[in-house]
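Right, one structure below, let's go through it.
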Amino acid sequence: MDESVVSVAVPLPFQAPFSYRMPAGAPLPERGVRVMVPFGSRRVIGVVCGRGHDPKQLEPQPQRQLKEVLQVLDEAPLAEPTLLDLAAWLADHYLAPPGECYKLVLPPAGVRASRAMVRLLKPGAGDDPVLAQLQAGPLRLSALEKRLGRDPHARLLRLRREGVVALEQALDAPGFREVRVAVLEQEAPELGGKAQAEIVERLRAAGGRARVPDLVRDRPSLRGALDRLVEKGALRLVSERELRAPEGLPARDAVAVVPTEDQERALADLLAAVEGGTFQPFLLHGVTGSGKTEVYFRAVERALARGRGAILLVPEIGLTPMLMRAARARFGATVSVLHSELSAGERHDEWWRIREGEARVVVGARSAVFAPMPELGLIVVDEEHDGAYKQDESPRYHGRDVAVMRGRIEACPVVLGSATPSVESYANAQSGKYRELRLPRRITAQGLPRVEIVDRRAVLRAGGEPILTPPLREALALRLSRREQSLLLLNRRGYATSLLCRECGQEAMCPNCSVSLTLHRTGRLARCHYCGHEVRTPEACASCHGAYLRLTGFGTEKVAEAVAAALPKARVDRLDRDRASRRGVLAQTLAAFEKGEIDILVGTQMIAKGHDFPRVTLVGVVDADVGLGIPDFRSAERTFQLLTQVAGRAGRGDTAGEVILQTHMPDHYALMHACSQEYDAFFERELEFRRTMGYPPVAALLNLIVRSADEDKGREAIAALGALLRSHAHGRYRVLGPARAPLARLRQEHRFQILLKGQRKAMREAVQAALVARYGETRWPGVAVDVDPLTVM
Ligand code: ADP
Ligand code: ZN
């Protein structure tokens, strides 16, 4: 190994790191340190991912041709070795560019929001450049950066640990507000009267510190007593910054609950693992409304009590404002919520707040699995079955699987929670790889809602309403008269699903993709759901120029219209990706629904996820078959999960719930088992199908897609790859294809596909070898490798 060479992963889609030479006499930087390197005619910031030539690079260039590292940016790696290991695993497991993987575990790019001030606490050695700058007085972090000309964070981290400097967060950073927190200073303060005793009592119950508004909310008269305790020195008030509550969400206090017997049983095993600090994946399989959140929170509390941090992953942060609020109420300012509306600067600040141990609980979506939490003690993956955990661009990782790998690397337990576990996770629980914890009952006495199937075929034959069948319409009217709320699911947005020519039968298609256009805004706009192409709805057929066009199929827009027409007194609103794309609409609509300002909420799968609305007593599924027509091996699993989840939104309060499913396929097993809410029965049936067809969890999958603007070139490339993959197989995997992908054109590119089924390691190695043989070591243009794909479209 050459001692002066480092391999550097650059943040570009290259499959291998590049070798660089260190300037003569310079020490070799550690793995994880960022370096500025020349790259072509540019300079880029890369990460040192190894010393010496990377073994992946088969024929290293002679050393004299290597370019030199221009600048070493960090004096120590910013990410812990465990996270660097995780990034390396990611690159390997998903055949992803290492630069893209390391990027996930390093501080996000972007300017710090940074009104933070750095202040010297004790006189330090004058030759330290950071300390030298601070001699004259506190400085803004941004000013310090400017003066030093490089990122001072690694050094600041150490100086803060040594207690030499303090970083004071700006309290008025956007998205945050300042709040007063009372801290108990004396063990047994002298008390002047009942009110003061009450304050001290409340503070003790809250562990010695609490937000002032929480302390006095129900008794404003306590405020005077609080001030007097402060004057006496029994209490101290400190300012903390906290995330503003999502818009318009009414405050709900954290109520202390006594765990049920089921919860106790689940917790016994889980807390032991948290206590022991050992790697163990758990599958918390609890029906909807069984109190999974309380189990998560108690496990988090135990981790905190041991001085460990915790990461709580949710599929989509915008859809879980309640969990976020509950986490804040329970864990206070130590929670860091990573949501998509953070600015680049705020994201950067939060990264450092976690890295430096200020935030000990992280709540976030998929990418929060890479949060730089030191001394991690627990990872929770809520709704682990949710497809949102899979990233659909490179690196194509699955947040749940990464969580399990991180737990292994960090030696901590990982809890995967769901009412409808993914078939893979449940199989892992059955094989003993994961330990299963069950919550078989709802917390409330009502139990699970009653589910009724309405056969739309029969209603249609009788000349009935196509959108709302009579039973569903009557059930909605009944809820309206009782002032209860209803959810109406249709997992298809838009007004109409297609525009059909009555003369030639042709559908209006997207010019860029091989899909039909969806009609929006009562049919005035035609839009492609894949590339975003949008036009005014054409008045004539593109193929025969006929003028008789017909809208067919219906989406959420039309359902909302039909409901408003059928029940003119109802307050109807709609929630789907079209509506939620406007900033704030998602949070506002969920809040309005929670406050009872909406009677009937129509929506896509967005309304099915995790919500706890106690006044919902009816869930209607307008067309339960939407997902079943999709030619994908997971369509039954997804449909079962969606229907069971949305049914689980009904009857979570004091009144029993009812669910009505409208369908053309009342005998389909996904529907029947969702109806009886029998997960095990569904699983057995589904596993049989997967076994017959050789799909996960029986075999692993790898999907290889080649995209090309030129159809012939794409076809030629996929054929060559197919031949290579077949010759490497040796019975370890099967090669399906090459074929046109089901989505044959996307954004003006032709797509071709090879699907491999078999042993994951063998498939990965063969694909790597085939791509290297065809394209070389570093770049695979137009190729997408999807290891463990969620869909094969
Ligand atoms: P899940 O996530 O399993 O669907 P939740 O965690 O949302 O269920 O819990 C359902 C409801 O039950 C919530 O309103 C929660 O506050 C309440 N709850 C949970 N555990 C208890 C308990 N031990 N005692 C009383 N109420 C509880
Ligand atoms: Zn398109």
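The values are calculated or read from the model by the stated rules, or taken from the named source; none is laboratory data. None of these values were measured; they are calculated from a predicted model. Cβ: placed from backbone, ideal geometry, glycine included. Neighbour counts: every protein chain shown.
All but one of (1) over 16 Å from the mean Cα position of the chain (by Cα); (2) crowded, with 24+ Cβ neighbours inside 10 Å hold for R408, so report the exception by its number.
(2)
Could you list all residues from the range 423-447 that are out of contact with any strand residue (DSSP E or B) (no Cβ under 9 Å at 6 or more places or on another chain) and among the aliphatic types (A, V, I, L, M)?
Within the range 423-447, V423, A427, I443, A445 meet the criteria.
Could you list all residues from the range 714-742 that are on the phi > 0 side of the Ramachandran plot and not in a strand (DSSP E or B)?
The initial filter retains those residues of the range 714-742 that are on the phi > 0 side of the Ramachandran plot, namely 730-731, 737.
Hits for the range 714-742 are H730, G731.
Per-residue answers, yes or no, for (1) farther than 29 Å from P97 by Cα; (2) modelled with pLDDT of 90 or more; (3) not β-branched (V, I, T):
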{"residue": "G309", "(1), (2), (3)": "yes, yes, yes"}
{"residue": "I317", "(1), (2), (3)": "no, no, no"}
{"residue": "M324", "(1), (2), (3)": "yes, no, yes"}
{"residue": "E350", "(1), (2), (3)": "no, no, yes"}
{"residue": "R355", "(1), (2), (3)": "no, no, yes"}
{"residue": "P395", "(1), (2), (3)": "no, yes, yes"}
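Does I607 meet the test of being at pLDDT 95 or above and either surrounded by 22 or more Cβ atoms within 10 Å (Cβ to Cβ) or touching a strand residue (DSSP E or B) at 6+ places or on another chain (Cβ under 7 Å) (or both)? Give the derivation first.
Details: at pLDDT 95 or above: no; either surrounded by 22 or more Cβ atoms within 10 Å (Cβ to Cβ) or touching a strand residue (DSSP E or B) at 6+ places or on another chain (Cβ under 7 Å) (or both): yes.
No; evaluated as a whole, the condition is false for this residue.
Among the listed residues R521, R536, R583, R579, identify the single one that is among the basic types (K, R) and on the phi > 0 side of the Ramachandran plot. Working first, answer last.
Working: R536 fails: on the phi > 0 side of the Ramachandran plot; R583 fails: on the phi > 0 side of the Ramachandran plot; R579 fails: on the phi > 0 side of the Ramachandran plot.
Answer to the check: R521.
Among P538, P568, P511, which is within 30 Å of S481 (Cβ to Cβ), away from ligand 1 (no atom under 16 Å from the Cβ) and either out of contact with any helix residue (DSSP H, G or I) (no Cβ under 8 Å at 6 or more places or on another chain) or at pLDDT below 90 (or both)? First the steps, then the outcome.
Values: P538 fails: within 30 Å of S481 (Cβ to Cβ); P511 fails: within 30 Å of S481 (Cβ to Cβ).
Going through P538, P568, P511 in turn, just one is within 30 Å of S481 (Cβ to Cβ), away from ligand 1 (no atom under 16 Å from the Cβ) and either out of contact with any helix residue (DSSP H, G or I) (no Cβ under 8 Å at 6 or more places or on another chain) or at pLDDT below 90 (or both): P568.
Every residue in the range 251-284 that is near ligand 1 (Cβ under 10 Å from one of its atoms) and surrounded by 14 or more Cβ atoms within 10 Å (Cβ to Cβ), please. Steps first, answer last, please.
Going through the range 251-284, the residues near ligand 1 (Cβ under 10 Å from one of its atoms) turn out to be 252, 254-264, 284.
Once the filter is applied, which keeps residues that are near ligand 1 (Cβ under 10 Å from one of its atoms) and surrounded by 14 or more Cβ atoms within 10 Å (Cβ to Cβ), the range 251-284 yields A254, P259, T260, D262, Q263, L284.
For the range 511-534, how many residues are among the hydroxyl-bearing types (S, T, Y), within 12 Å of D578 (Cβ to Cβ) and near ligand 2 (Cβ under 10 Å from one of its atoms)? Working first, answer last.
First pass over the range 511-534, keeping only residues among the hydroxyl-bearing types (S, T, Y): 514, 516, 518, 522, 530.
Keeping just the survivors that are within 12 Å of D578 (Cβ to Cβ) gives 518.
Those still in the list that are near ligand 2 (Cβ under 10 Å from one of its atoms) too: none.
Of the residues in that region, 0 qualify.
What are the residues in the range 619-661 that are more than 26 Å from the chain's Cα centre (by Cα) and crowded, with 24+ Cβ neighbours inside 10 Å, if any?
Scanning the range 619-661 gives G620, V622, G651, G657, V659, I660, L661.
For the condition closer than 30 Å to M693 by Cβ, hydroxyl-bearing (S, T, Y) and out of contact with any His (no Cβ under 9 Å at 6 or more places or on another chain), what is the one hit in T604, T589, T617? If you could, list the steps in order and put the result at the bottom.
Numbers: T589 fails: closer than 30 Å to M693 by Cβ; T617 fails: closer than 30 Å to M693 by Cβ.
So the residue among T604, T589, T617 that is closer than 30 Å to M693 by Cβ, hydroxyl-bearing (S, T, Y) and out of contact with any His (no Cβ under 9 Å at 6 or more places or on another chain) is T604.
What about G494, is it touching a strand residue (DSSP E or B) at 6+ places or on another chain (Cβ under 8 Å), away from ligand 2 (no atom under 16 Å from the Cβ) and not in a strand (DSSP E or B)?
No: the conditions fail for G494.
Which count do you get for residues in the range 367-397 that are surrounded by 24 or more Cβ atoms within 10 Å (Cβ to Cβ) and not aliphatic (A, V, I, L, M)?
Residues that pass the stated criteria total 8.
Residues that are outside any strand (DSSP E or B), farther than 22 Å from L90 by Cβ and modelled with pLDDT under 90: does the range 4-16 have at least one? Let's see the steps before the verdict.
Step one: list which residues in the range 4-16 are outside any strand (DSSP E or B), which gives 4, 10-16.
Add one more test, that the residue is farther than 22 Å from L90 by Cβ, and what stays is 4.
Okay, now just the ones that are also modelled with pLDDT under 90, so 4.
Yes: one or more hits.
Restricting to the range 189-244, count the residues that are hydroxyl-bearing (S, T, Y) and either more than 30 Å from R302 (Cα to Cα) or in contact with a Cys (Cβ under 9 Å, 6 or more places away or on another chain) (or both).
As a first pass, look at the range 189-244 and keep what is hydroxyl-bearing (S, T, Y): 221, 239.
Among the residues that remain, those that are also either more than 30 Å from R302 (Cα to Cα) or in contact with a Cys (Cβ under 9 Å, 6 or more places away or on another chain) (or both) are: 221.
Total satisfying the criteria: 1.
Of everything in the range 17-53, what is more than 17 Å from D74 (Cα to Cα), over 34 Å from the mean Cα position of the chain (by Cα) and not in a strand (DSSP E or B)? Give them in sequence order.
Correct list: A24, G25, G40, S41, G52, H53.
Would you please list the contacts, defined by Cβ atoms under 8 Å and residues six or more apart or on different chains, that run from a residue in the range 520-535 that is over 19 Å from L743 (Cα atoms) to a residue that is within 16 Å of ligand 1 (Cβ to nearest atom) and not in a strand (DSSP E or B)?
none
Filter the range 741-760 down to the residues that are more than 20 Å from M693 (Cα to Cα) and either charged (D, E, K, R) or crowded, with 17+ Cβ neighbours inside 10 Å (or both) and list them by number.
Here is the first cut: in the range 741-760, the residues more than 20 Å from M693 (Cα to Cα) are 743-752.
If the condition is that a residue be more than 20 Å from M693 (Cα to Cα) and either charged (D, E, K, R) or crowded, with 17+ Cβ neighbours inside 10 Å (or both), then R745, L746, R747, E749, H750, R751, F752 are the ones that fit.
Please specify each residue of the range 304-324 satisfying the condition of being more than 23 Å from E275 (Cβ to Cβ) and away from ligand 1 (no atom under 12 Å from the Cβ).
P315, E316, I317, G318, L319, P321, M324
Find the residue count for the range 752-786, including only residues that are more than 25 Å from F18 (Cα to Cα) and among the small types (G, A, S).
Matching residues across the range 752-786 total 2.
Kindly evaluate A329 against the criterion of being touching a strand residue (DSSP E or B) at 6+ places or on another chain (Cβ under 7 Å) and either closer than 27 Å to A427 by Cβ or assigned to a helix (DSSP H, G or I) (or both).
Details: touching a strand residue (DSSP E or B) at 6+ places or on another chain (Cβ under 7 Å): no; either closer than 27 Å to A427 by Cβ or assigned to a helix (DSSP H, G or I) (or both): yes.
No, not satisfied.
So for the range 690-700 (the condition being touching a residue at least 24 places away in the same chain (Cβ under 8 Å), of a type in the set (S, T, Y) and closer than 26 Å to A427 by Cα), does at least one residue qualify?
The answer is yes; a qualifying residue exists.
Just to check your reading of the model, which residue among G248, G289 is closer than 24 Å to S336 by Cβ, modelled with pLDDT under 95 and under 34 Å from the mean Cα position of the chain (by Cα)? Steps first, please.
Numbers: G289 fails: closer than 24 Å to S336 by Cβ.
Just one listed residue meets the conditions, G248.
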